[in-house]
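The structure appears below as structure tokens.
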Amino acid sequence: MSGTTATQPTPADLPLFPFPEPVAHPLDPPAYRDLLSGEAPITRVALPTGGWAWLVTRLAEVREVLRHPAFSADIAKPGFPLLRPLPRPRDRDRAGLFIRMDPPEHGRYRRMLTPEFMIKSIRRLEPLIQQTVDRFLDDMVAAGPPADLVDAYALPVPSLVICHLLGVPYEDHCFFQSRSRVLLNSSVSVEEAQGAADELRDYLSRLVTAKQRDGGDDLLARLVAGRLRGGALTHDEAVGMAVLLLVAGHETTANMIGLSTLVLLRHPDQYAALRDDPGRAPALVEELLRYLTIVRTGLPRLALADVEIGGTRIRAGEGVIALLSVANRDEGAFADADRFDVDRGAHQHVAFGFGVHQCIGQPLARAELRIALVALAERLPALRLAIPDDEVPLRRDSFIYGLQRLPVTW
Ligand code: HEM
């Protein structure tokens, strides 16, 4: 396929993306890889919103796309590859959502948050993460087995931590968790997604106003005091940043904690090894991130100029999807890629993306995963599934892969 600009097939000739997930078990390898085997690392797929996009599946090319300045992350640009129709664009909805912006605009917002997410800042949060983990484990143990580990542990831990960091009242968790789920659901209508986004914006708008009036010792209060008062940020921009951090900051890590626990229950030797040697946790977390790659539907981008990626010519105006889950199982980069192997040194994985948009929350996510999994292994060494392994219910209709429930006993 070197240098190919082959005749453009019409979408009807192309496989529809996202491909159906034929996985029988949540930990089976991404089905996409089998569907693509024998194909070029870059292939065309039809999109559910009409049109088509290039699907990039090899680690080297995924990194190339995500760091290349010719690719835009701005979903409002005509021709952007969308997996769900976009609501009517309104300026208010776009303000502060820097995950969808390109440099230099993107960097202006991201730089405001960089100090908050540096490793040394997150280290200061570790005692709070530990207390949170202990609190929810205490409650779960006190209530006695069986328990739904997603509901009792995986979801509340990162939710409470992000609330503390941002200065969002945790008692509102049912509200923001349910709206975040709708936003990340791939099968809801445009109206439902827009409704959930509006409600989150209105809620955080009131909170930003309160921080402006009352101050406080949290990220949003600092943002408001430093930038909003100084005129570097508008109210709507501060609200957009808050929405992004609140949604991205709990749902992702929650799904990782649930799925990671399931992996460890399938590898009891690794669960026991973690308890005996918590120093294994950082390597374990990296391999879990690679192996699970919860951002299953990949990262969409739009080419703003002609670029050659992996020998394929991508023209300005064409869409690309960087499929992280398949890149993280690339045999060329990870030997025996479907095997869960804590000692492989999985550092070059792209579970957090790559390039300018690479996850700003990764030091926080890593700390939460490490502390939550070590505490679980130490506190509940006899943890096991309360239902058959192949009956663990998946969340199949979400852009972020996860479990609906994880019934456990001990
Ligand atoms: C295991 C958990 C997590 C995973 C797998 C994950 C994954 C990702 C990925 C793949 C991206 C890149 C998106 C793109 O390029 O379009 C991203 C960006 C982002 N993540 Fe995370 N994330 C996690 C946890 C968090 C946490 C805890 C926060 C905390 C607030 C967070 C906040 C963000 C933000 C703000 C961005 C946008 C960065 C930018 O555009 O510059 N994430 N994340």
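All of the numbers you see were taken from the coordinates with simple rules; none came from a lab. Please read all numbers here as calculations on a predicted model, not as lab measurements. When we count neighbours, we look across all protein chains shown, and the Cβ atoms used for this are built from the backbone with ideal geometry, even at glycine.
Summary table below
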{"read-out": "Sequence-distant residues sharing a close amide H with residue 398 (under 5 Å, placed H)", "value": "186"}
{"read-out": "Candidates 343, 102, 134: whichever shows maximal mean-square fluctuation once the chain is modelled as a Gaussian network with Cα springs under 10 Å", "value": "343"}
{"read-out": "Phi-based couplings in Hz for region 148-161 (Karplus 6.51, -1.76, 1.60; Gly and Pro marked x)", "value": "8, 5, 5, 6, 8, 9, 4, 7, x, 4, x, 5, 5, 5"}
{"read-out": "Under the Karplus curve 6.51 cos²θ - 1.76 cosθ + 1.60, θ = phi - 60°, whole-Hz ³J(HN,Hα) for region 369-384, x wherever Gly or Pro sits", "value": "4, 4, 5, 5, 6, 4, 4, 5, 5, 6, 7, 10, x, 9, 4, 8"}
{"read-out": "Förster-model FRET efficiency, 35 Å R0, residue 90 and residue 269, C-beta, rounded to 0.05", "value": "0.10"}
{"read-out": "Of all DSSP beta bridges in the chain, antiparallel share, percent nearest 5", "value": "80 percent"}
{"read-out": "Region 63-113: C-alpha gyration tensor shape, a/c 1.5 cut-off, then a/b vs b/c", "value": "oblate"}
{"read-out": "Residue 210 paired with residue 305, simple spin-label distance in nm, labels 7 Å along Cα-to-beta-carbon", "value": "4.7 nm"}
{"read-out": "Long-range HN-HN contacts of residue 403 with modeled amide H, under 5 Å", "value": "259, 395"}
{"read-out": "The chain - mean residue ellipticity at 222 nm from DSSP helices (-39,500 (n - 2.57) per run, n ≥ 4, rounded to 500)", "value": "-14000 deg cm²/dmol"}
{"read-out": "Amide H contacts of residue 52 (H built 1.01 Å from N, under 5 Å, at least 5 apart or other chain)", "value": "47"}
{"read-out": "Separation in nanometres of the label points that stand 7 Å from Cα toward Cβ, at residue 118 and residue 27", "value": "3.8 nm"}
{"read-out": "Note, ³J(HN,Hα) from phi for region 65-82, Karplus 6.51, -1.76, 1.60, rounded to Hz, x at Gly and Pro", "value": "4, 6, 9, 7, x, 6, 9, 9, 9, 7, 5, 7, 6, x, x, 4, x, 9"}
{"read-out": "Geometric extent, Cα atoms of the chain - Rg, Dmax (angstrom)", "value": "21.2, 64"}
{"read-out": "For region 90-147 and region 367-410, distance of Cα centres in Å", "value": "21 Å"}
